[in-house]
Amino acid sequence: MDKSENIIEVSGVTAGYGNNVVLKDIDFTVKHGEIFVIMGGSGCGKSTLLKQMIGLYRPFAGSVTIFGQDIVEATLSERRVMMQKFGVTYQDGALFGSMTLAENVALPLEEYTDKSVAEIAQIVRDKLQQVELGEFGDYMPSEISGGMRKRAGLARAMALSPSLLFFDEPSAGLDPITSADLDSLILVLQREMKTTLVIVSHELDSIYTIADRVIILNAATKGIVASGKPRELRDNCQDSWVRDLLTRKNMKLENKI
Amino acid sequence: MSKQERIVENIGDAAWQAMLDTVDLFCFVGELTITIFTALRQPRKVRWRETFYYMDQCGCKALPITIIICLLMGLILGFQGAVQLRKVGTDIFLADFVGVSILKELGPLMVAMVATGRAGASFAAEIGTMKVSEEVDALETMGCSPHRFLVIPKLLAMLVAMPLLTIFGNIAGIIGGFIVGVSMLKLPPVAYYNRTVAAISPEIFASGLIKSAVFAVIITVVGCMRGFQAENDAQSVGRATTSAVVTAIFWIVIADWVLTMMFTMMGY
């Protein structure tokens, strides 16, 4: 696949809940092999945008095209085909509590492939090994830590070796060391598998470490206020709110001090 | 706005919400029907392990409480019947009264009430919690139908467990009536047994089992639907659970009435 090819095209997306508009006229593209980060303050609609992109919610207006196909207008069977090409990891892993880690990772393989039980077991072992959970296949999700659950969720998302991965706040709730470990794991996997990554995050350390490009959402304008490389935006962006966000500055707090 | 106008508006609003809720229920049943046909074409895709798990949870583990409740119901029914029948000297018909009432009506209904409290509430809470922890979202983004994954195993399990529980409940209820008949009315045990066997027919037995299967569908569908309707917070899961029990009881009573009328018209 060509590096300049757009994997995702979000065009004119307006979205929200009920009568409440959270995002207005959102346009951007994600290129093949890119690590693309969606960031912004709390409540600005980052996770909402992610849910529109993975087809969980239908936008009020606009379109989301993944691999050249509109996910909003796709039929159920078309969507099932599209969903084999991307994986999603959720904030807390979203592992199925009644299944072991190995069974969780095996689920997409059982759903979409005709592989034998032995082949599936081998792939599951490999995927768990990749996220450094090789010894924990028989554990239940309730028996492992939050960081391990996220990694197991990542192994499940990678089960079908998708060319696109979505992450919803991968570092949220993790201590700085575990968070840094997860970032380096994401980078290693991206380099090994040449996967395109779309990450929703507001963890600055993670963003500077892994992001190729970032878009910044603002709850007040309900739109994108800046896009580009994170360090360039921090140093050169005209918008002081964006610079403050990227330098973790809180003017209200500084004035009080 | 006057008080009377507010009352009318509230009644109208409640009626509108009830109608929307009924539409939702029928839509859910429609989607589920499509999933059932898909599952019938591909039985390999049914989550059989979960199905056996729910059979154990909703069947085996519910057996002791079902037997106790139905036995007590038989005792109460027998006692009330004995008091009335003794007045007119027709003590022996207690066996008919208890046997037919339990098999036709009270057995399936009491089992349904127990199952609503246990299984219906737990289905709603389980799916509601899975929504909060984004497990339902994860299923959808993996292209797995949440209906096939979460509802079909519960439905199959309930369709097996409920009629079986009803059989055990019926036996316990009849034993309850037998205890009263033999101890309070001093009826000979053999006479009571013979009278019971003569009073109940395979049609009466089957009508009770058909009712229990219909109740199983109602409890599962309502419980699961309420779970899917839960929002992403703990309070909403609590509301979904309460609503699952109340709505299921309402629809069970409606279905019982319709089935009773239907079986009566058919001569059973």
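Computed quantities for the displayed model
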item: Residue within the range A:16-27 that is aliphatic (A, V, I, L, M), touching a helix residue (DSSP H, G or I) at 6+ places or on another chain (Cβ under 9 Å) and farther than 23 Å from A:M82 by Cβ present; result: yes
item: Condition check for A:E111: within 12 Å of chain B (Cβ to nearest Cβ) and assigned to a helix (DSSP H, G or I); result: yes
item: Scan of the range A:114-149 for residues that are farther than 21 Å from A:I186 by Cα and without any contact (Cβ under 8 Å) to a residue 12 or more places away in the chain, ordered by number; result: A:D114, A:K115, A:S116, A:V117, A:A118, A:E119, A:Q122, A:E143
item: Residue match in the range B:92-103 (condition: out of contact with any Lys or Arg (no Cβ under 8 Å at 6 or more places or on another chain), surrounded by fewer than 19 Cβ atoms within 10 Å (Cβ to Cβ) and within 14 Å of chain A (Cβ to nearest Cβ)); result: no
item: Residues (outside any strand (DSSP E or B) and at the interface with another protein chain (Cβ under 8 Å from one of its Cβ atoms)) located in the range A:83-98; result: A:M83, A:Q84, A:Y90, A:Q91, A:D92, A:A94, A:L95, A:F96, A:G97, A:S98
item: Residue within the range A:164-173 that is buried (at least 21 other Cβ atoms within 10 Å of the Cβ) and of a type in the set (S, T, Y) present; result: yes
item: In the range A:73-82, the residues that are surrounded by fewer than 16 Cβ atoms within 10 Å (Cβ to Cβ), among the hydrophobic types (A, V, I, L, M, F, W, C) and either more than 10 Å from every other protein chain (Cβ to nearest Cβ) or in contact with a strand residue (DSSP E or B) (Cβ under 9 Å, 6 or more places away or on another chain) (or both); result: A:V81
item: Residue satisfying all of: in the range B:125-171; away from every other protein chain (no Cβ under 14 Å), β-branched (V, I, T) and surrounded by fewer than 23 Cβ atoms within 10 Å (Cβ to Cβ); nearest to A:T113 (Cα to Cα) among these; result: B:V160
item: Selected residue (criterion: surrounded by the fewest Cβ atoms within 10 Å (Cβ to Cβ)) from residues of the range A:55-66 that are within 18 Å of the chain's Cα centre (by Cα) and modelled with pLDDT of 90 or more; result: A:T65
item: Residue that is over 16 Å from the mean Cα position of the chain (by Cα) and of a type in the set (A, V, I, L, M), where the choices are A:M148, A:M158; result: A:M148
item: Residue in the range A:61-79 that is out of contact with any helix residue (DSSP H, G or I) (no Cβ under 8 Å at 6 or more places or on another chain), closer than 23 Å to A:L154 by Cβ, in contact (Cβ under 8 Å) with a residue 12 or more places away in the chain and among the β-branched types (V, I, T) present; result: no
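Let's see how each residue does on (1) part of a loop (DSSP other than H, G, I, E, B); (2) more than 14 Å from the chain's Cα centre (by Cα); (3) farther than 27 Å from B:T129 by Cα; (4) among the hydroxyl-bearing types (S, T, Y):
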| residue | (1), (2), (3), (4) |
| --- | --- |
| B:G181 | no, yes, yes, no |
| B:Y192 | no, yes, yes, yes |
| B:F205 | no, yes, yes, no |
| B:I210 | no, no, yes, no |
| B:G238 | no, yes, no, no |
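Per-residue answers, yes or no, for (1) touching a helix residue (DSSP H, G or I) at 6+ places or on another chain (Cβ under 9 Å); (2) surrounded by fewer than 19 Cβ atoms within 10 Å (Cβ to Cβ):
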position: A:L189; (1), (2): yes, yes
position: A:E192; (1), (2): yes, yes
position: A:Y208; (1), (2): yes, yes
position: A:V214; (1), (2): yes, no
position: A:I224; (1), (2): no, no
position: A:R243; (1), (2): yes, yes
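The values are calculated or read from the model by the stated rules, or taken from the named source; none is laboratory data. Here the structure is a predicted model, which means the values were calculated and not measured. Cβ sites come from the backbone with ideal geometry, for glycine too, and all protein chains shown count toward neighbours.
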